[in-house]
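Every number in this text was worked out from the coordinates using simple rules, so none of it is lab data. Everything quoted here is computed from the prediction, not taken from an experiment. Don't worry about glycine lacking a Cβ; one is built from the backbone with ideal geometry, like all the others, and counts go over all protein chains shown.
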Amino acid sequence: MSDLIDTLVGIAPGDPLDALRAKRPVARADAQTTYDALVAAPADLARATALERAAIGYWVAALSSAAALAAHYRALVADVDATVADALDAALPAASTTGPYGAYPAGPLSVEDEEGLHYNATDELRAVVGGRLAAALEHAHLLTFRPRDASPDALQSLLDAGWSTDGVVTVSQLVAFIHFQLRVVTGLAVLKEAL
């Protein structure tokens, strides 16, 4: 059974990594089922449109320097709206940073507090993608680089931009899932080089 992760890593049936992944068939199937439910053929597009889902996927993967995954999601965006794909391309350099940043509650971990980029979508990006998607991209940036700073106020920003409560959950699930995908793809790519 092959899935998107196999495709991105270049795992062919019968390869050593195919045999390795076959030892965890539920994990492999669940990764593809989650992708299908969140991105490829979501049952409920009212929570987040296909374009929004693909754009969030592209944004997170590109910010995380996951080239193969970013290319996959960029193609999904471009298939729906090439103008949005181009606008995201133009916005990425100003959004790119390292991390993690943020502040812990006062206490022993506060020594690890670190300031960093607070990304705000530009007017140019907002003009193309709209306020709703721009807010989701800002939230995705926060979760990617400033997870310590996630807060009720950050969630309220999504609600204020027009996301429903279920939509906010979908945005957060997408960001978490893209990070899961990039960790698996990166790990398997390293193993592939080692085998």
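Numbers for the structure displayed
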| item | result |
| --- | --- |
| Charge tally in the Cβ shell below 15 Å around Val77, where Lys, Arg are +1 and Asp, Glu are -1, Val77 excluded | -3 |
| Phi to ³J(HN,Hα) by Karplus 6.51 cos²θ - 1.76 cosθ + 1.60 over region 74-87, Hz, x for Gly, Pro | 4, 4, 5, 4, 4, 5, 8, 7, 5, 5, 5, 4, 5, 5 |
| Nearest-0.05 FRET efficiency for Ser96 and Phe180, computed from C-beta distance (R0 25 Å) | 0.75 |
| Ranked Val80, Val190, Val171, criterion: other C-beta atoms within 10 Å, fewest first | Val190, Val80, Val171 |
| Helix-derived mean residue ellipticity, 222 nm - over the chain, DSSP H n ≥ 4, -39500 (n - 2.57), to 500 | -21000 deg cm²/dmol |
| Sorted by Cβ density within 10 Å, fewest first, the residues Glu193, Glu52 | Glu193, Glu52 |
| Per-bin percent of Cα-Cα distances, region 46-92 [10 Å] | 32, 58, 9 |
| The chain: relative contact order as a whole-number percent, Cα under 8 Å and 6+ apart | 25 |
| Cα centroid of region 56-98 to Cα centroid of region 141-165, whole Å | 20 |
